[in-house]
Amino acid sequence: MNKEITPEELWGHPKGLYVLFFTEMWERFSYYGMRGLLVLYVATSATADDPGLGWTTKDALWMYGWYTMLVYVASIPGGIIADKFLGQKKTVMLGGLLLCIGHAVLAISSPIAFFAGLILVILGVGGLKPNISTMVGNLYKQRDERRDKGFTIFYIGINIGAFLAGIVVGLVAKNYGWHWGFGLAGIGMFAGQLVYFWGQKYLVGIGDYIGQTKEVVKSNVPLTKIEKDRIIVLLLSFVVVIVFWGAFEQAGGLMNLYTDVKVDRTTGLDRPEWLMEIPTVVFQSLNSAYIIVFGTLIAGFWVMWGRKGKESSSLYKMAIGTIIMGLGFIFMMFASKEASSEHFGKSAMTWLFLAYLFHTIGELCASPVSLSFITKLAPAKYASIMMGIYFAASGFGNKLAGSIGESSQLEPYSGNMTESKEIVYSVVDKQTITKNENGEVVEFKDFGVNHDKNLELRANIFLNNEELSFEDFDSGKDLNALFELSKESQDELVSYLSENSSENEGVFHARLLFEKDEEAVKNKGNKGDGKDYSLSFVLEEQQNEQESKTFMWITIFTVSFGLLLIVFLKKLKVLTHGAEDVTGAE
């Protein structure tokens, strides 16, 4: 018999690692599939061909921040339930079931189902996420040098799931609709649950309830001075986690919206049609693809670095990771500059590839070791709770990300269409209308307003004798008679144009979005009457400046924070009391 691979181990690691690997891979497939669609769905017009919720981008990022925060904050009660009642193994099982139900509900096309599904997903991730990570740590004995490598392998599993989600869910959502994408994410979660059920035989004694084993330290034993010092270090490291994810999670929020509107995603291919323009969600896979490619290389670099006797503590890696990740936003500054160099311009995809590359290298330095760091320093009786606090800190970072993204988005100016649809005919072109009639798909040319379609016009905006003037960007036709701004929007816009009249020779630009009221669309009696259209827009120049400043300040703050952490590194390491010393070389 081959003695090198025992029944308990495969390729140098416990077999249970691979069970948890595939469980988490499919759970992350479902989560990142949902995450990639979230802000885009919420910000899509409620009366679009594939309707969303119709919120503003600002409100969509507000929702993104709260949802992603609650997903991770739910890890605290998830950790408590595991430590005090069910154990990690059963809590992971319960979390997986809630996730399956939640994603199934999200597949239903209804606002009520959408929010109900979000709540179930939040509860499910809270039960699964902190406990499955703790179980990975429990597969290894204390001071086992394979622990960091095991977490890196586990982390690669996470990113295989995320990589597949961005591509597969993104393509399905683009070609078949939002809720087909949500449903596909749920199928992934179901696959993960099946793997976890099947693999229980490789997890015997891992993640059992603390009250059912005699091998665990009794819960009533007070903490020692060393344990208290280590908890202090852990809590301080959670501040690093908040800062890191507050910047990094712009990926699913601000950068996702930016990619959708201001990045040239065309491929130059004539066919197949679905590849002529890369769906926005697919870019969410870049981070995961880079992790799969560079994960073991970065881990190997740190092993080599440590063997040379150079600084390679977890806190140092977290500081370096924060700095590198922050530098990635410099490329978003270049993207913003390129997009704003011409009216209604877009930036090249290259900037996104470079930004995500730096974000990924930073993540590979900081995130896998932070999970391992907790399992090294946390007292046994508080293992799941501390892991829960870590994910809660990640959640607060996500909320910070949402707030930063929200601050980068301007409140739109608003108004209403006031003229008849015949006036609309004079400023827009006919478009291809697709309808289902008698079971057949029929295509014909007509004005979209006759079918309650939303309209978008590119406009020049300027002051003419202190009066607002709007003209079509392409044809120069006067648009003033088409709509009426609210008094508040008009006063605010006049004030801004007056103060900034020296820019762009006093001419500014905007995409005027006219949206048919959702309730009016449902009323067949006014079908195609051209009434009940609202108007919203932001100035391109003003929005570009706001986003560029956001990317700049993220860069400055994260790099400065990482450098400050390095300054205090020695003092923090003393409080770990050698917890990161290993029996073999790292």
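Taken over region 257-278, the criterion of being at pLDDT below 90 and crowded, with 18+ Cβ neighbours inside 10 Å is satisfied by I278 alone. For region 483-501, the set of residues classified as at pLDDT below 90 and closer than 23 Å to L455 by Cβ is empty. Residues in region 517-534 that are assigned to a helix (DSSP H, G or I), closer than 21 Å to T44 by Cα and touching a helix residue (DSSP H, G or I) at 6+ places or on another chain (Cβ under 9 Å): A520 alone. Of the residues that make up region 228-251, is at least one surrounded by 19 or more Cβ atoms within 10 Å (Cβ to Cβ), in contact with a Lys or Arg (Cβ under 6 Å, 6 or more places away or on another chain), farther than 19 Å from L371 by Cβ and in contact (Cβ under 8 Å) with a residue 12 or more places away in the chain? Checked region 228-251: no residue is surrounded by 19 or more Cβ atoms within 10 Å (Cβ to Cβ), in contact with a Lys or Arg (Cβ under 6 Å, 6 or more places away or on another chain), farther than 19 Å from L371 by Cβ and in contact (Cβ under 8 Å) with a residue 12 or more places away in the chain. Residue selection: S414 fails the criterion of being more than 24 Å from K262 (Cα to Cα) and among the polar types (S, T, N, Q). The set of residues in region 388-423 that are buried (at least 17 other Cβ atoms within 10 Å of the Cβ) and part of a strand (DSSP E or B) comprises Y413, G415, M417.
Among the conditions (1) free of Cβ contacts under 8 Å to residues at least 24 places away in the same chain; (2) exposed (fewer than 13 other Cβ atoms within 10 Å of the Cβ), D532 misses just one, which is (2). Only a single item in (1) assigned to a helix (DSSP H, G or I); (2) over 16 Å from W245 (Cβ atoms); (3) polar (S, T, N, Q) is not met by T360, and it is number (2).
For every residue, the table says whether it meets (1) modelled with pLDDT of 80 or more; (2) buried (at least 21 other Cβ atoms within 10 Å of the Cβ); (3) more than 18 Å from I101 (Cβ to Cβ).
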| site | (1), (2), (3) |
| --- | --- |
| Y196 | yes, yes, no |
| G199 | no, no, yes |
| G207 | no, yes, yes |
| P222 | no, no, yes |
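Name the single residue, out of those in region 293-326 being among the hydroxyl-bearing types (S, T, Y), at pLDDT below 90 and out of contact with any Lys or Arg (no Cβ under 7 Å at 6 or more places or on another chain), that is surrounded by the fewest Cβ atoms within 10 Å (Cβ to Cβ). That would be T296. Here I80 fits the description: surrounded by fewer than 20 Cβ atoms within 10 Å (Cβ to Cβ) and in contact (Cβ under 8 Å) with a residue 12 or more places away in the chain.
Quick check, is A366 modelled with pLDDT under 90 and buried (at least 24 other Cβ atoms within 10 Å of the Cβ)? Spelling it out, A366 is indeed modelled with pLDDT under 90 and buried (at least 24 other Cβ atoms within 10 Å of the Cβ).
Checked against the criterion of being out of contact with any strand residue (DSSP E or B) (no Cβ under 6 Å at 6 or more places or on another chain) and at pLDDT 90 or above, the candidates L563, L513 yield just one match: L563.
With respect to Y382, determine if the residue is farther than 27 Å from Q250 by Cα and either outside the structural domain of K445 (by TED's automatic domain parsing) or at pLDDT below 80 (or both).
yes
When the residues of region 330-363 are filtered to those that are among the aromatic types (F, W, Y) and closer than 17 Å to D260 by Cβ, the one that is surrounded by the most Cβ atoms within 10 Å (Cβ to Cβ) is Y356.
For region 482-516, enumerate the residues that are among the basic types (K, R) and assigned to a strand (DSSP E or B).
Passing the criteria: R511, K516.
Run down E456, E471 and say which single residue is in a strand (DSSP E or B) and under 24 Å from T44 (Cβ atoms).
After applying the criteria, what remains is E456.
When region 328-353 is filtered for residues that are within 20 Å of L364 (Cα to Cα) and of a type in the set (V, I, T), only I330 remains.
The values are calculated or read from the model by the stated rules, or taken from the named source; none is laboratory data. Here the structure is a predicted model, which is why all the values come from computation and not from measurement. Note: ideal-geometry Cβ built from the backbone for every residue, glycine included; neighbour counts use all protein chains shown.
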